[in-house]
Amino acid sequence: MFDVARLLFGGSPYFPAARLPTEWGRVWLLEIPTDEEDFQVDKDFGDCLSTLDQLLAERRGRLIILTRPDHWRRIGGSPSIRWLSARDLLTRVGPTAVAHAQLTGRMPSIDVDGWLQDRAIERMVEQSNTAGVFELTEKILAAEQTPPHLLPSDSTSTDTADVPLDTQALLARRIAMVVDSRGLWRRQLLAWHRDPSRTAFERDFQLAAAVLTGLSVTHIYYGATQLNAEFGGRGTVEAKGQDAPGVIAMLDAVGGELVADDRIRFPRPGWAESILEYFWVDRPLARGKFLDWLAKAPGSHTGDALEAVGDDQRRAAARRITRFALGWAARHQRETPLAKLASAWSESSRPMWQELVEVLSTVACADSADPAEVGPDDAPLAVHQRYVHQLLLDWAKKRHLAPVVLQVCVGPFAKLYTSKALVRLKHAGGHDNDEVLPVLEEVIVGLWRESSARTTLVKEIAGWCDATKHAMSGSVAFARLAAITDTALPHVDRPAYADGAAATADEMNENARGRGVALLRKTGDYTPDHAVLARCWSVHLHVAEDASSDLVTLWLDAAISDPTQRQAVLNVLRLAVRGNTAENRKTRDVVRGITRKWSTGVPERDALYQELTAALDTDIHQNMNSRRYEGVGS
């Protein structure tokens, strides 16, 4: 028996052996990042496998690498009998075995043979991929828990059973329900819409109830009137009186039930989702107006009804709406459904906007489509993970949508897909606006915790600093990174601090070599480049002159606390203000003034001030001599 755990690739183009954990008897799953823009896994990645193989053999472990065949051909190196393909390993695990394990694992008492030996269910299983099997077993489990009086009386009728059923008859009706729900109840919905007496308002009420399930019937009724008006009907004007059918009549018309707290419930599993799918296919020219209504529906107020809807209920509705929109967006490969929600909720309701972020984050980070792991609501969306990754890259380049991307990167996405987070940060972080900058700081700290991301992270921040239009983002990001200090000798490939925050005086470790600046510490494959750091400092001193004092003194404190960083601190600050432009002279005076104030009355600090001042004066004289020489030469 092996324990199986995920191994994180990190943010560098290769996978150093030092990243391999030391646990014994484990099977590790390593997903290789896809090539994106400037990021590519090293073509010689396969060369490290022999070393990993040797270490794993010593620890009685194995490694499973997850990647696409074409990607593996570019990076996999020489074939080996130790590195079998997944196709060779999994030939004996078919969809029926997966369905059997899912059903018996989650409901041991289920008649699993009765279900899986039914011809209709058997065909569905055999024609499904793994994600499809998970979805099907979810419907089977839902049918098992449906009360008998809500089951169809046979496979061709939607009438409910009103006589006691034996075990086989009950199973047959549960199977009929799964067959119908897997087919999105298309036959039953078609019959409902074909009814000659069906009105537009009834259709709108059914659609609103499917979208806003979980809100009160009052809110759904009001939403239906708004939807009716959006589609060109009379909407609220008619509904305020008694000309339009009331709530009870509408519930009867759409086959819904009123449960506790005036909520609507559809007894058939998957019925609400099927209503929305039916509309989306049946009314393609109404999709635009429907999306406009959809973005406003959870946040609207019922006005005269005097019923309030809590934030939790609105958030639940927003999450549900986001799931629908994601499915539609992925199907058509168009971002419009999600982009409309993101833009509308960003302005009108941050809690609902946050729910959209959470759904995208969940799908972007989903390890599998197993409802037991991901959750039954989000599991069907796991198949859209690749689409969400691309969506986040596209949104990172758009100023008004970049905050969504950064908020996703604050979560587990940056840890699980470090290289992808870095690529998206490159674009999203460059937008200088009030929404981006606060979240940018959180993303920066999170990525710095991953040692393999540090070189690329510093490079991207320096790039922002070098570009005038991104200078503010560069200054904010650099200041946050430059404020991180460490308190102990760092591991070769792990962070040198616990939580990414700047250490305080109370956190000083007596056994440590001193509290230093994390940016100046070599860790893993990160080696500080003083010239790059000086460029960032120069921009920060220019852009945020009034806010630079604390950061300068933090670095000066580090030079005292950690003697090994003394010369590095002096060198970087010296390089940052070197030059003979008016801006150089101004920032040089700023640094000199901050250091003078910091050093007053403390001999040890004064010595550092004298050393820095002497270095700055030397640079000034060299500049003057250089200009004299150029003048003589001319």
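Among the residues of region 1-34, what is the count of those that are charged (D, E, K, R), under 20 Å from the mean Cα position of the chain (by Cα) and either exposed (fewer than 15 other Cβ atoms within 10 Å of the Cβ) or on the phi > 0 side of the Ramachandran plot (or both)? Walk me through how you get there before you give the answer.
Of all residues in region 1-34, those charged (D, E, K, R) come to 3, 6, 19, 23, 26, 31.
Okay, now just the ones that are also under 20 Å from the mean Cα position of the chain (by Cα), so 6, 31.
The next check asks that each one be either exposed (fewer than 15 other Cβ atoms within 10 Å of the Cβ) or on the phi > 0 side of the Ramachandran plot (or both); those that pass are 6.
Qualifying residue count, region 1-34: 1.
Applying the selection to region 241-277, what residues are in contact with a Phe, Trp or Tyr (Cβ under 8 Å, 6 or more places away or on another chain) and of a type in the set (Phe, Trp, Tyr)?
271
Test of understanding: among 442, 460, 450, which residue is surrounded by fewer than 19 Cβ atoms within 10 Å (Cβ to Cβ) and in contact with a helix residue (DSSP H, G or I) (Cβ under 7 Å, 6 or more places away or on another chain)?
Checking each option against the conditions leaves just 442.
Taking region 195-229 as the search range and keeping residues that are within 34 Å of the chain's Cα centre (by Cα) and outside any helix (DSSP H, G or I), which one is farthest from residue 280 (Cα to Cα)?
Only one residue fits best here, namely 216.
Is one or more of the residues making up region 565-577 over 21 Å from residue 531 (Cβ atoms) and in a helix (DSSP H, G or I)?
Keep residues of region 565-577 that are over 21 Å from residue 531 (Cβ atoms), which gives none.
Checking region 565-577: not a single residue is over 21 Å from residue 531 (Cβ atoms) and in a helix (DSSP H, G or I).
Are there any pairs with C-beta distances below 6 angstrom linking a residue in region 25-51 that is assigned by the TED database to the domain that holds residue 74 to a residue that is among the basic types (Lys, Arg), with the two at least 6 apart or on different chains, and if so which?
Partner pairs satisfying both residue conditions: 25/60; 27/62; 29/6.
Among the listed residues 613, 595, identify the single one that is surrounded by fewer than 19 Cβ atoms within 10 Å (Cβ to Cβ) and either under 36 Å from the mean Cα position of the chain (by Cα) or farther than 15 Å from residue 516 by Cα (or both).
Going through 613, 595 in turn, just one is surrounded by fewer than 19 Cβ atoms within 10 Å (Cβ to Cβ) and either under 36 Å from the mean Cα position of the chain (by Cα) or farther than 15 Å from residue 516 by Cα (or both): 613.
Could you run through region 120-132 and say how many residues are assigned to a helix (DSSP H, G or I) and either farther than 12 Å from residue 383 by Cβ or outside the structural domain of residue 178 (by the TED database) (or both)?
7
Could you say which residue among 367, 394 is farther than 25 Å from residue 272 by Cβ, over 11 Å from the mean Cα position of the chain (by Cα) and outside any helix (DSSP H, G or I)? Break it down stepwise before answering.
Details: 394 fails: outside any helix (DSSP H, G or I).
Only one candidate qualifies: 367.
Identify all residues within region 527-538 that are surrounded by fewer than 21 Cβ atoms within 10 Å (Cβ to Cβ) and either among the β-branched types (Val, Ile, Thr) or closer than 27 Å to residue 19 by Cα (or both); write none if there are none.
Passing the criteria: 527, 528, 529, 530, 532.
Of the residues in region 435-482, how many are within 24 Å of residue 15 (Cβ to Cβ) and acidic (Asp, Glu)?
Counting residues in region 435-482 that are within 24 Å of residue 15 (Cβ to Cβ) and acidic (Asp, Glu) gives 2.
Out of all the residues in region 413-438, which are open to solvent by less than 30 Å² (accessible area, probe 1.4 Å) and either within 25 Å of residue 367 (Cβ to Cβ) or in the same structural domain as residue 533 (by the TED database) (or both)?
Scanning region 413-438 gives 413, 414, 417, 418, 419, 420, 421, 422, 423, 424, 425, 428.
Given (1) open to solvent by 30 Å² or more (accessible area, probe 1.4 Å); (2) at pLDDT 85 or above; (3) in a helix (DSSP H, G or I); (4) not aliphatic (A, V, I, L, M), identify the lone condition not met by residue 115.
So the condition that residue 115 fails would be (1).
Going by the conditions given, is residue 286 in a helix (DSSP H, G or I), touching a residue at least 12 places away in the same chain (Cβ under 8 Å) and surrounded by 21 or more Cβ atoms within 10 Å (Cβ to Cβ)?
Judged against the criteria, residue 286 is not a match.
I'm checking my understanding of the structure. Among residues of region 497-533 that are among the aliphatic types (A, V, I, L, M) and at pLDDT below 50, which one is farthest from residue 451 (Cα to Cα)?
It comes out as 505.
The values are calculated or read from the model by the stated rules, or taken from the named source; none is laboratory data. Just so it is clear, the structure is predicted and the values come from calculations on it, not from any experiment. Methodologically, a virtual Cβ is constructed for each residue, glycine included, from the backbone with ideal geometry; neighbour enumeration extends over all protein chains shown. Surface areas here come from the heavy atoms of the whole protein model, side chains and all, with no ligands, DNA or RNA. Shrake-Rupley method; radii C 1.70, N 1.55, O 1.52, S 1.80 Å.
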